[in-house]
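The values are calculated or read from the model by the stated rules, or taken from the named source; none is laboratory data. Source: prediction; values computed, not measured. All Cβ positions, glycine included, derive from the backbone under ideal geometry; neighbour counts span all protein chains shown. The accessibility values were calculated without ligands, DNA or RNA, using every heavy atom of the protein model including side chains. Shrake-Rupley method; radii C 1.70, N 1.55, O 1.52, S 1.80 Å.
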Amino acid sequence: CSVGILQIFSAGQGNKFRNMWWKQMIFVFAGLVLMWIISSIDYHTLLGQVPVLYGVTIFLLIVTAFFGVKVFEARRWIELPGGFLLQVSEFGKTMMVLLVARFLTELKTESIHWRDLFKLGALVGLPMLFVMRQPDLGTSLTYVPILIMGIFLAGLRWQYALVIGLITVVLLPASWFLLKDYQKSRILTFVDPARDPKGDGYQVIQSKIAIGNGGMWGKGVTRGTQTRYQFLPVPHTDFVFAAFAEEHGFVGVVVVLGLYFLLLMQIVQNAQTAPDRGGMYICMCICATLLFHLLVNVGMVIGRMPVTGIPLPLMSNGGSGMLSVFLMLGLVNNVRLRRFVN
C-alpha cells in the first residue's frame with residue numbers, strides 16, 4: 001500500500017490526479033479499520049449469514065442497475081452521502097468467497113457431483129450476470145477463480161474437468177457475439193495493438209514504452225517521462241504498475257512482485273493451518289482471487305492480456321477496490337486467529 005501511495009503521488013504531479021494520493025491514504029486507513037472489524041467476528045458466524053448476505057448483494061446489484069450512477073455508459077456505482085461512490089460488485093467477491101466456502105463445507109463428501117456443480121454454478125452465475133450487464137466484464141470474471149478454486153479443492157473428478165473443458169472450448173467462440181463493441185475491440189487490440197495505435201491500441205503501446213523506459217533501475221520518483229507528460233493513461237489506477245516500472249525499473253518490479261508472492265504464500269500457509277474446511281476454502285479462494293487480479297493486471301500492462309480494467313490489489317487507486325481487498329484479508333486473518341480453536 002505504501003508503494004502504491006508513493007506511485008500515485010508521483011503520477012499526480014502537475015496534473016489533475018495530484019490529490020489522489022492522500023485520498024488513497026484515507027482508503028488504506030479505512031481498509032485497516034474494516035480488516036480489524038471483520039477479523040473480530042468469528043468467520044463461522046459470517047458463514048451462517050451467507051443467505052442474508054447473498055440476498056443483500058443481489059438486491060444492491062438490482063438497485064445499481066436501475067438507480068446507479070452512470071459513467072461512460074456504465075452503471076456500476078451507487079452514490080452514498082458525501083459523494084462517495086460504492087461499487088457493489090467489488091464487495092460481491094467477498095460474498096462469493098463465503099458462499100462457495102459454506103456450500104462446499106456442507107457437502108460432507110469426498111468429491112463434488114454434477115448436481116452440486118450446477119447448483120453452485122447457478123448461485124455464482126446470477127450475480128455475475130448482473131455485473132456483466134452493467135457492463136463490467138472485468139469484475140465479473142474475478143468471480144470465476146473463486147468458483148474454480150472451490151470445486152478443485154472439493155474434489156473435482158477428472159472426468160468432470162474434461163467435460164467442463166470441452167464445453168468451454170465449444171461455447172467460447174459463441175461468447176464473441178455476446179460482447180459489447182468496445183469489448184470486442186479490446187480483444188482485437190490485444191491480438192494486434194498496432195492496428196489502431198492512436199485509438200484502442202494506445203494504452204497498451206504507451207504502457208510497454210513506459211516499462212521499457214524503466215530499464216534496470218528506473219528513472220526515479222516523479223521522473224518518468226511517459227507518466228509525467230501524461231502519455232500513459234490512468235497511471236494511478238489500471239496502469240499503476242506500468243508507471244511504477246518506469247520510475248523504479250526491473251529491480252523495483254522484482255521487489256513488488258516479491259511482496260505479492262510473500263502475501264500469497266502467507267495466505268496459503270493460513271489455509272494449511274485452518275481449523276476446518278470452511279476456513280481452508282475461505283483462504284484459498286481469496287488467494288485465487290488476488291492471484292487472478294495480479295496476473296491479469298500485470299499481463300495487461302505488458303501486452304500479454306487484453307485490457308479489462310481489473311485493478312492491481314493494494315496499489316491501484318480506488319475506494320471500493322481497496323476496501324474489498326482489505327475485507328478479504330480480514331477474513332484470512334479471521335481464520336488465522338482461530339486456528340487453535342476447536
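Quick notes
- Calculated mean residue ellipticity at 222 nm for the chain: -21500 deg cm²/dmol, from DSSP H runs with n ≥ 4 weighted as -39500 (n - 2.57), summed, divided by the residue count and rounded to 500.
- Peptides 8-21, 40-53 ordered by packing proxy, namely the average of other Cβ atoms within 10 Å per residue, highest first: 8-21, 40-53.
- Karplus-derived 3J(HN,Hα) values for the stretch 229-235, using 6.51 cos²θ - 1.76 cosθ + 1.60 with θ = phi - 60°, are 8, 6, 6, 8, x, 5, x Hz; glycine and proline are entered as x.
- The chain - Rg over Rh from alpha carbon coordinates, Kirkwood radius: 0.96
- Only Lys, Arg, Asp and Glu carry charge here, each on its Cβ (+1 for the first two, -1 for the last two); on that basis the chain has a dipole of about 160 debye about its Cα centre.
- Dipole moment magnitude, nearest 20 debye, the stretch 47-133 about Cα centre, only Lys, Arg, Asp, Glu C-beta charged: 120 debye
- Calculated diffusion of the stretch 206-342, Stokes-Einstein form, Kirkwood radius summed over Cα pairs, 25 °C and 0.890 mPa s, µm²/s: 154 µm²/s
- Mean-square fluctuations from a GNM of the chain, with a 10 angstrom spring cutoff on Cα atoms, peak among 322, 35, 265 at 265.
- Surface composition of the stretch 32-170: carbon and sulfur make up 72 percent of the accessible area, probe 1.4 Å.
- Accessible area per residue in Å² at 1.4 Å probe, computed on the chain: 51 Å²
- Separation of the residue 305 and residue 74 label points, Cα + 7 Å toward Cβ, nm: 1.5 nm
- Solvent-accessible surface ranking, highest first, for 5, 112 at 1.4 angstrom: 5, 112
- The solvent-accessible area of residue 181, taken with every protein chain present and a 1.4 Å probe, is close to 120 Å².
- log₁₀ of I(q)/I(0) at q = 0.18, 0.19, 0.20 Å⁻¹ - the stretch 68-129, Debye sum with one point per alpha carbon: -0.74, -0.78, -0.82
- Shown for the chain are the DSSP H helices of 24 Å or more along their axis, judged by Cα atoms, with a mean Kyte-Doolittle hydropathy of at least -1.0: 20-39, 50-67, 88-105, 114-132, 240-272, 277-301, 319-337.
- Listed by chain and number, the lysines whose C-alpha is less than 17 Å from the C-alpha of residue 108, apart from same-chain residues fewer than 8 away, are 119.
- By definition, a body whose alpha carbon gyration tensor gives a ≥ b ≥ c is oblate when a/c is 1.5 or more and a/b is not larger than b/c, and the stretch 80-175 fits this oblate description.
- When the chain is treated as a GNM with alpha-carbon contacts under 10 Å, the residue of 163, 191, 204 showing the greatest mean-square fluctuation is 163.
- Entries of 180/219; 16/198; 70/198 with Cα pairs more than 31 Å apart: 180/219
- Taking 7 Å steps out from each Cα toward its Cβ at residue 337 and residue 223 produces label points 4.4 nm apart.
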